[in-house]
1. Between a residue in the stretch 47-71 that is farther than 20 Å from residue 106 by Cβ and any residue that is aromatic (Phe, Trp, Tyr) and open to solvent by less than 60 Å² (accessible area, probe 1.4 Å), which pairs come within a Cβ distance under 7 Å, given they are 6 or more apart or on different chains?
2. Under 7 Å by Cβ, and 6 or more places apart or on different chains, what pairs join a residue from the stretch 179-200 that is in a helix (DSSP H, G or I) with one that is surrounded by fewer than 15 Cβ atoms within 10 Å (Cβ to Cβ)?
3. Considering only residues of the stretch 154-177 that are surrounded by fewer than 20 Cβ atoms within 10 Å (Cβ to Cβ) and among the aliphatic types (A, V, I, L, M), which is nearest to residue 139 (Cα to Cα)?
4. Count, please, the residues in the stretch 100-134 that happen to be touching a residue at least 40 places away in the same chain (Cβ under 8 Å), closer than 24 Å to residue 39 by Cβ and buried (at least 16 other Cβ atoms within 10 Å of the Cβ).
5. Could you tell me whether the stretch 150-172 includes any residue that is at pLDDT below 95 and over 14 Å from the mean Cα position of the chain (by Cα)?
6. Determine if the stretch 27-40 includes at least one residue that is open to solvent by less than 40 Å² (accessible area, probe 1.4 Å), assigned to a strand (DSSP E or B) and over 14 Å from residue 159 (Cα atoms).
7. Only one of 88, 97 is over 16 Å from the mean Cα position of the chain (by Cα) and either surrounded by 15 or more Cβ atoms within 10 Å (Cβ to Cβ) or over 21 Å from residue 152 (Cβ atoms) (or both). Can you tell me which?
8. Within the stretch 45-79, how many residues turn out to be crowded, with 20+ Cβ neighbours inside 10 Å, among the hydroxyl-bearing types (Ser, Thr, Tyr) and part of a loop (DSSP other than H, G, I, E, B)?
Amino acid sequence: MSTEFACINIDGLKSARTGREPYNFLVGENFIQNSAVEPLKSDYPDIKEPGFFTESDVNDRLHGAFAKLLADLKSPEVSKIVSEKLDIDLVDKPKMITIRKISQAKDGRIHTDGEAKIATMLTYLNDKWDGTGAGCLRVLRNDKDFEDYVEQISPLTGTVFAFRRSNGSWHGHTPFVGERRVVQMTWLRSEADVARKEKRGALSHSLKKIFHFG
């Protein structure tokens, strides 16, 4: 029996196209229901600092459509579909959601993600983009060249991107300063990894406040 979702369009994920080179990934569109677009814009957490924030970091600002979106993303049906698309079992793996609203110039540098992460899914919530490559995520062939890419993903509302982490899962987004709304859900190896990452994130945000975000 299919789950009833408040904000996501599960068919947008089911129909996402997949890639296998240089690593397993998926790209989908229309992942957000049309009726949820405006409520999500108004209910997006009021984050004024750069960086990713965990749910606990912004717990007092999670309400309405945005809180429903996070519940949708955590559905076993989402994990099942992503598992099938990326050829890895994620259904029973612990999940962590982080939220970004503001990007700074140094964000998006090329990386693979740490070994604690098994897979990551990014849901974008920007109602327009400037049509250039600025701030667009790229699936890269190496850790040195932003121009050597196989896919470029514009962060427009309804776009979803997920990938299976590996030693060669190079990705990043080209420099961008300003508002760039994205919800990241990561499947990790263990609950201990989740706790460790949440603690590290909280410490990082505390230091940024002390030093005026670097």
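The values are calculated or read from the model by the stated rules, or taken from the named source; none is laboratory data. Values in this document were obtained by computation on a predicted structure and should not be read as measured data. Counting neighbours? That spans all protein chains shown, and the Cβs are built from the backbone with ideal geometry, glycine included. Surface accessibility is based on the protein's heavy atoms, side chains included, excluding ligands, DNA and RNA. Shrake-Rupley method; radii C 1.70, N 1.55, O 1.52, S 1.80 Å.
1. 66/44
2. 198/56
3. 156
4. 10
5. No, the stretch 150-172 contains no residue that is at pLDDT below 95 and over 14 Å from the mean Cα position of the chain (by Cα).
6. No; the residues of the stretch 27-40 include none that is open to solvent by less than 40 Å² (accessible area, probe 1.4 Å), assigned to a strand (DSSP E or B) and over 14 Å from residue 159 (Cα atoms).
7. It is 88.
8. Count: 0.
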